[in-house]
Structure formats: structure tokens, C-alpha cells
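**Student:** To start, I am sharing the structure in question, which I have written as C-alpha cells.
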């Protein structure tokens with residue numbers, strides 16, 4: 001038989017900074033970073049240890065550059081720091097940085113505004129582990145392409 005009880009607490013302290021804006025008429029930038037001090041408290045077994053999937057640092061930087069009124073390019077980098085896969089803090093998932101890029105093409109056809117977007121996610125095919133614990137880990141996807149069309153009428 002298995003007995004489950006609710007004991008202890010998790011305490012999460014930290015900060016997040018973000019900024020976004022137009023650097024020029026055609027260049028837009030978004031940046032953010034987060035520091036997280038997360039620990040178990042009031043728990044005999046896990047006191048002072050970090051909860052699973054709680055990195056100390058994470059950050060992102062995203063840019064969009066409009067070449068003209070029709071074509072725009074974008075690129076972004078997403079960083080997630082080292083974190084634990086178990087509450088005992090014995091299994092560590094490595095930090096990783098994933099880079100995505102894309103482009104948008106705008107045109108009009110039959111009085112309909114159309115935006116075509118091509119995104120390349122995980123451009124450098126970075127191997128990484130996403131969420132999950134010791135029994136079920138989410139493996140990050142390799143390089144993949146996404147094509148989307150948006151119609152405004």
C-alpha cells in the first residue's frame with residue numbers, strides 16, 4: 001500500500017526583469033531574465049533542497065527586424081539554467097540555450113491581407129531535457145520548421 005501525505009512547504013524568492021521596445025523604426029527587442037531561489041522548508045526529508053525543474057537562472061532575448069513593409073526577420077535565444085530532476089537533488093539536468101529564427105512575408109491577394117510566417121525552432125539542434133522527473137522526462141524537440149498563414153478579411 002502507498003500512503004501519501006501533505007508535508008512541508010516550498011519557498012520561492014527571486015526577481016524577474018524584462019524590457020521591450022523599439023530600438024529603431026524597424027528593430028524591436030524584448031529581453032528578460034529571472035533569478036529564483038527555491039527551496040523546501042519544514043520537511044524532514046527535503047529541507048533545504050531545490051524543487052524539481054526550478055532553475056536558479058533563466059533568460060530570453062528576442063528581436064524582430066523589418067527589412068521593409070513586406071518582409072520581417074526575427075531571432076531569439078532562450079536560456080534555462082541547470083535544475084534538478086528529483087527532489088533529493090541527486091539527478092541534474094544540464095543548462096541549455098535554444099535559438100529560434102523566423103521570417104514573415106506580408107502581401108494582399110483578392111483584397112485579403114495575408115501574413116506567411118516561417119519559424120525554425122531549435123536552429124542548432126540543441127539536445128536538452130525539458131520538464132519531468134525521474135520517471136517521465138520531456139526531451140526537447142530537435143530542429144523543426146513551422147509554416148503558418150494568417151488571413152485578415
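Just so you know, all these numbers are worked out from the coordinates, no wet-lab data involved. Remember, predicted model here, so these are calculated numbers, not experimental data.
**Student:** Pulled fully out, how much extra length does the chain show between residue 111 and residue 151, if you take 0.36 nm times their separation in residues and subtract their Cα-Cα distance?
**Tutor:** 13.4 nm
**Student:** To the nearest whole percent, what portion of all C-alpha pairs in the stretch 9-152 is separated by more than 18 angstrom?
**Tutor:** Counting pairs separated by more than 18 Å, the tail of P(r) holds 67 percent.
**Student:** Can you tell me the Rg and Dmax of the stretch 61-123, counting just the alpha carbons, in angstroms?
**Tutor:** Cα radius of gyration and Dmax of the stretch 61-123 are 18.5, 61 Å respectively.
**Student:** Report Rg(Cα)/(2.2 N^0.38 Å) for the stretch 16-75, keeping two decimals.
**Tutor:** Its radius of gyration relative to the 2.2 N^0.38 Å reference: 1.82.
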